[in-house]
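Structure record follows, encoded as C-alpha cells.
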Amino acid sequence: MSKALTNMTVAIGRPDPVPVGREIRPGRVRRCAAVGLSDLNFIFRFLPAFLLVHFLCPAKCRNAVLFGGSIVFCGFCSLPGAAILLGSVAVNYVLTRILDCRKSPGWRKGWLAAAVLFHVGVLGYFKYMAPSLPPGISFYTFTLLTAAIDVYRRAERPPRSFLELGAFAAMFPKLLSGPITAYHDTIEQVRRRKITAKGVEYGLSLMIVGLAFKVIIADTVGILWHDIRTVGFESISTPLAWMGAAAYSVQLLFDFQGYSLMAVGLGSMLGFRLPRNFDHPYRSLSVSEYYRRWHMSLGRWFRDYLYIPLGGSRRGAARTVCNLLIVWLATGIWHGVTLNFLIWGLALGFFIVMEKLWLGKLLNGHPVVGHLYVWFLIPLTWVVFAVTDLGSLGIYFTRLFPFRGGGIAVNPRDWIIHGKNYLGFFLAALAVSCPLADSVWKRFWNTLGAKVLLFALFWVCVYRIVTGLHNPFLYLGF
C-alpha cells in the first residue's frame, strides 16, 4: 500500500509518458477543470461562501443566487464556458416560450426541431471540432433539451423566468457530470423547495462519502491502471492485464459514483432531491440490467427522449433491434470522439440485443451464470472504453487472451507485486459495493459513531488532496 501511495505522488501533476501500448487522444485538447467538487478551493472557499449567501437570502431570491453562483462556479473552470452556458440557457428560454405560445402542430414541431438542432449542433461542434470542451456541456445540453421537449409535449409548463430555467439547468452540484435531471421531474423543486436541517445534515454526509469513494478508493486503485499504461501494454503479463481491467472498472465506478453522491448530497443541502445515479451495477445478471443500474440518469434520458420516441419495443423485433442499436450508437458518440467509443457503444448494443432476443432468459434463470457473465464481460468493455488507440487496444487484448502464448510469459510475477499493493483497496471497494453496505448506511448514518467516522474520512480525504494523492473526476472529460 505504501508503494501505491508513493506512485500516486509521482503520477500527479505531470503528463504521462507515451510508450508503445499507451494511448493518447488525437487532435483534441480537453479542458482541465480549475474547480471541481473535490477541489479544496471549492470545499473551503466557494461552497461555504455560497451556502452562507443562499441560506441567508429570502426564499424568493434563492434561484437567482443559485444561478449566479453556478455561473461563477463555471467561470472558475472556464470563462468562455460560462458564456456558452449562459447563451445556451438564453436560447432555450426563448424557444420554450415560443413552443408554449404556438398552437399549430406544424409550427410547434418546427420550433422543437430548431431547439434540438441548436443544442445538438453546439454540443457536436465543441465535442468534435473545437480545441476544448466547455465545462459540463454534455450534461447541461441534455438537461436543456428535456425542457424544450417536455414543454412541446405539454408535460410541464414553460419556465416562468430566465432565472428559473437557469437555476434548473446550470445548478452547480450537477453541472459538470450530472446526474441529468428531466425538466418535468425537477422544475417544481426549483419553483418551491424547502431547506431543512436534516436535509443539510444528510447531504453533508453523502458529500463526504462520495469524496471518500473518489479520493480514497478510485484515485488509489487508479494508480494500477496508470502504472500499466506507463509501462506499456506489451510488457505486462496476462494476470496483470486482467487485474488492470478490474482496476479501471473499479476506478471508474467509484470515481463517477463518488461525484454523483457528492452532487446528490449538495442538492439535498440546497433543498433538492436529485435522482440516484447508481444502484449496485455489479450485482446485475445481464448487460441490460447493468446499464439500468449504471449512470441511471443518462439511461433514462435515452429511454424517454430517444428510444421510446423511435418506437421502443412496440413495433416488432426488427424495429426493436434497430432502435436499441441507434440508442447505443448515440451513447458511444455522446461519450467521445474516437473510434473506440463507437465500438464500445455498438458492442454493448449487440449484447443487449442478444439478451433481448434470447440470452436474457438463460441469464435470469441461472443467476450464477448471469453474475459471471457480467463480471467477465463488463471489464472487457471498459478496456475498450479506456484505450482510445486501436493499435494499443489490440495489444491489450492479446495480453488478456494470449492464444499464442505471449501474454503469460511477459513479466510473469508482475501481478503478484501489484496484487500485494492493491488487494486491500479492491476488498474495500467490494465491501462498500455490497447491498448490505447500503442497509448499514441507512440505519446508522445519523449516529454519533457514524459522524465521528465521517469526520475522520473527510480529513483523510483533505490530507490526500493536499499531498497530491488525487486526480480530477474522470467524467469531467465527457
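The values are calculated or read from the model by the stated rules, or taken from the named source; none is laboratory data. Being a predicted model, the structure only gives us computed values, none of them experimental. Positions of Cβ are generated from backbone atoms using ideal geometry, with glycine treated the same way; all protein chains shown enter the neighbour counts.
Yes or no, residue by residue, for (1) over 30 Å from Ile195 (Cα atoms); (2) in contact with a Leu (Cβ under 7 Å, 6 or more places away or on another chain); (3) aliphatic (A, V, I, L, M):
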site: Pro80; (1), (2), (3): yes, no, no
site: Pro105; (1), (2), (3): yes, no, no
site: Gly110; (1), (2), (3): yes, no, no
site: Leu133; (1), (2), (3): yes, no, yes
site: Val151; (1), (2), (3): no, yes, yes
site: Ala155; (1), (2), (3): no, no, yes
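Scan segment 427-447 for residues that are in contact (Cβ under 8 Å) with a residue 24 or more places away in the chain and in a helix (DSSP H, G or I) and report the count.
Of the residues in segment 427-447, 7 are in contact (Cβ under 8 Å) with a residue 24 or more places away in the chain and in a helix (DSSP H, G or I).
When you check Thr338 against the structure, is it of a type in the set (S, T, N, Q), outside the structural domain of Asp150 (by TED's automatic domain parsing) and either farther than 24 Å from Asp255 by Cα or at pLDDT 95 or above (or both), yes or no?
Values: of a type in the set (S, T, N, Q): yes; outside the structural domain of Asp150 (by TED's automatic domain parsing): yes; either farther than 24 Å from Asp255 by Cα or at pLDDT 95 or above (or both): no.
When the stated conditions are applied, Thr338 does not pass them.
Which residue out of Thr230, Thr220, Thr196 is buried (at least 19 other Cβ atoms within 10 Å of the Cβ), touching a residue at least 24 places away in the same chain (Cβ under 8 Å) and among the hydroxyl-bearing types (Ser, Thr, Tyr)?
Sole residue among the options that is buried (at least 19 other Cβ atoms within 10 Å of the Cβ), touching a residue at least 24 places away in the same chain (Cβ under 8 Å) and among the hydroxyl-bearing types (Ser, Thr, Tyr): Thr220.
One line per residue, one yes/no per condition, for (1) assigned to a helix (DSSP H, G or I); (2) at pLDDT 95 or above; (3) out of contact with any helix residue (DSSP H, G or I) (no Cβ under 8 Å at 6 or more places or on another chain):
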{"residue": "Lys194", "(1), (2), (3)": "no, no, yes"}
{"residue": "Met207", "(1), (2), (3)": "yes, yes, no"}
{"residue": "Val221", "(1), (2), (3)": "yes, no, no"}
{"residue": "Leu224", "(1), (2), (3)": "yes, no, no"}
{"residue": "Asp227", "(1), (2), (3)": "yes, no, no"}
{"residue": "Leu240", "(1), (2), (3)": "yes, no, no"}
{"residue": "Tyr248", "(1), (2), (3)": "yes, yes, no"}
{"residue": "Ala263", "(1), (2), (3)": "yes, yes, no"}
{"residue": "Ser268", "(1), (2), (3)": "yes, yes, no"}
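Pull up segment 433-464, narrow it to residues that are of a type in the set (Val, Ile, Thr) and modelled with pLDDT under 90, then point me to the one that is surrounded by the most Cβ atoms within 10 Å (Cβ to Cβ). Outline the logic, then answer.
Residues of segment 433-464 of a type in the set (Val, Ile, Thr): 440, 447, 452, 460, 462.
Those still in the list that are modelled with pLDDT under 90 too: 440, 447.
On the way: Val440: 13, Thr447: 10.
It comes out as Val440.
Of the conditions (1) out of contact with any His (no Cβ under 8 Å at 6 or more places or on another chain); (2) surrounded by fewer than 23 Cβ atoms within 10 Å (Cβ to Cβ); (3) not polar (S, T, N, Q), Leu176 clears all except one; give me its number.
All conditions are met except number (2).
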